[in-house]
Amino acid sequence: MNKAFVREPDADDEYCPRCGAKGMNVVEETLQAFLGQETRRQLGQTACFCPTPGCEVAYFDRLEQVVLASALAAPVYPKDPAAPICPCFGVTCDEIDQDVAEGVVTRTRAAVERAKSPEASCVTRSPSGRSCQAAVQSYYMKRRGSRVSK
């Protein structure tokens, strides 16, 4: 194969040592919000969040040190599907499922709009440190697609 069509791996990419998923880099403020001091010391200076729902790892570092989701103070989405998909405003997957069942986007649209607002504090409320906007939209579309295909 011609090397012009082969993508070299990004040097900064980190992969979960348990499931192999590409991690999401998190800032110190996020780690401090989710980890106690003692647990925080288990990880290196920089760490990533593992976004795989079925993986028990919440955070990991380059030396493959891990913090399990069970060590967090509260359940987090997507590790626990019952946890709020939007932790800033407490929006759950059940609420999005209600939209799908009713054939509306009322709750989903409101969650996305609130996630864009200055009231959102994703850095300290989301385990990935990122907005839930993409996760909410993706979950809605997935559930709507599974309902349509039945």
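Bear in mind these aren't lab numbers, they're just calculated from the coordinates by the rules spelled out. This structure is a prediction, so every number in the text was calculated from the model and none was measured. Cβ coordinates were reconstructed from backbone atoms using ideal geometry, including for glycine residues, and neighbour counts include every protein chain displayed.
For the chain: lysine pairs with Cα atoms under 26 Å, gap of 8 or more or different chains, count? Display every interim value, and only then the final one.
Working: K3/K22; K22/K79; K22/K116; K22/K142; K79/K116; K79/K142; K116/K142; K142/K150.
Lysine pairs meeting both conditions in the chain amount to 8.
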Which residues in region 87-104 place their backbone N less than 18 Å from a point set 7 Å from the Cα of S146 along the Cα-to-Cβ direction? 92-104
Going by Cβ distance under 4.7 Å, what cysteines of the chain have no possible disulfide partner? C48, C88, C93, C122
Each label sits 7 Å from Cα toward the beta-carbon; between K116 and Q32 the label points are separated, in nm, by 3.1 nm
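To the nearest 500 deg cm²/dmol, what mean residue ellipticity at 222 nm is calculated for the chain from DSSP H runs of n ≥ 4 alone, each contributing -39,500 (n - 2.57), summed and divided by the residues? Walk me through the numbers before you get to the answer.
Numbers: 6 runs with 52 residues, N = 150.
Rounded to the nearest 500, the figure is -9500 deg cm²/dmol.
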Could you bin all the Cα-Cα distances of region 48-110 into 10 Å bins starting at 0 and give me the percent of pairs in each, rounded to whole numbers? 22, 40, 25, 12, 2
Note to self: C-alpha centroids of region 122-146 and region 18-43 sit apart, in Å, by 19 Å
Between D13 and A71, what is 0.36 nm times their sequence separation minus the Cα-Cα distance? Round to one decimal in nm. 18.4 nm
Relative contact order for the chain: what percent, with Cα pairs under 8 Å and sequence separation of 6 or more? 19 percent
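For Cα pairs less than 8 Å apart in space and 6+ apart in sequence, what is the mean separation divided by the residue count of region 7-73, i.e. the relative contact order in percent? Working shown, then result.
Details: 100 pairs, mean separation 20.1, N = 67.
Averaging sequence separation for qualifying contacts and normalising by length gives 30 percent for region 7-73.
Mean projection of the alpha-carbon convex hull of region 7-73 over all orientations, in nm²? Don't jump to the answer; show the numbers that get you there.
On the way: hull surface 18.3 nm².
With every direction weighted equally, the projected area is 4.6 nm².
How would T108, T39 line up from fewest to most surrounding beta-carbon atoms within 10 angstrom? Don't jump to the answer; show the numbers that get you there.
Working: T108 22, T39 17.
Going from sparsest to densest Cβ surroundings: T39, T108.
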